[in-house]
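Below is one structure, written out as structure tokens; the observations come after it.
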């Protein structure tokens, strides 16, 4: 039952123990109640707790609560199956033992991230470095999971651009992009991730040759002759509306509107996003422009 305590909305379990809510579990509680989180945040804790208590669906169905101490991390129905981050990392540690995080970025980023809502691990293959027109790239992959249901379990390949630490999520031979929701068979997803990592290593040379061919072409081919044409070409496809103009300006400063310069600009801008998951999504959408050079 929602209640107000110490100036915030908390949850009372069995009318006794009082638990605080994380940002994520509070968002889940609002969705369960069918009330906008923004609306609840404008109310006093006392009014907010009453609004949530009155709008929560009345049901005898049990709920899953994941908590750490007196803090609730997530709320789910019985259909949700949790996969622990440790189980995913055990698979990665065993089958990608030669892979390593990229060098530490200027902002201190290591490629390894685990927060309140999700986990991301960015790993590169140190045996796969290649150089294209003075730019160094290494193949790699990132895996992700969320113990609290923020996102699915998954893996995706990318090419790491050393100079600006971009992740170019594209592969001339095959795109490995696998995800599984947290339902009853989510654990089977670990077997698929293991298989994909093994396959990634076996096809190292083939993937590198295809990548070099297409990126070399993308570094030469123009996406447009002026800023207006370029913005029009890259708008849409899931790329946030605020990014095309900024990316085009970055490319203009570099003196060229090639396909690769726009991919490079978009992935640079993605690094400013707060959450690793959002950055990865923009990286993938930006790199899809490389298909124009395939």
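The values are calculated or read from the model by the stated rules, or taken from the named source; none is laboratory data. Being a predicted model, the structure only gives us computed values, none of them experimental. Glycine gets a Cβ as well: all are built from the backbone with ideal geometry, and neighbour counts include every protein chain shown.
Flag set for residue 103, criterion: assigned to a loop (DSSP other than H, G, I, E, B) and either over 20 Å from residue 182 (Cα atoms) or assigned by TED's automatic domain parsing to the domain that holds residue 147 (or both).
If you go through the stretch 51-70 and keep only what is surrounded by 15 or more Cβ atoms within 10 Å (Cβ to Cβ) and under 13 Å from residue 10 (Cβ atoms), you end up with 52, 67. The C-beta contact set for the stretch 122-134 (first residue assigned by TED's automatic domain parsing to the domain that holds residue 261, second residue surrounded by fewer than 12 Cβ atoms within 10 Å (Cβ to Cβ), distance under 8 angstrom, 6+ apart or interchain) comprises 125/98; 126/98; 127/98. Are any of the residues in the stretch 256-266 at positive phi and outside any helix (DSSP H, G or I)? There is no residue in the stretch 256-266 that is at positive phi and outside any helix (DSSP H, G or I). Give me a count of the residues in the stretch 21-45 that are loosely packed, with under 13 Cβ neighbours inside 10 Å and either at positive phi or assigned to a helix (DSSP H, G or I) (or both). Qualifying residue count, the stretch 21-45: 6.
Checking each residue in the stretch 81-108 for being out of contact with any strand residue (DSSP E or B) (no Cβ under 9 Å at 6 or more places or on another chain) and at pLDDT below 90 picks out 97, 98, 103, 104, 105, 106, 107, 108.
Only one entry in 233, 284, 280, 245 is in the same structural domain as residue 120 (by TED's automatic domain parsing) and in contact with a helix residue (DSSP H, G or I) (Cβ under 7 Å, 6 or more places away or on another chain), namely 245. Where helices (runs of 4 or more DSSP H) fall wholly inside the stretch 188-252, the ranges with 2 or more residues that are farther than 25 Å from residue 272 by Cα and within 26 Å of the chain's Cα centre (by Cα) are 189-202, 204-218.
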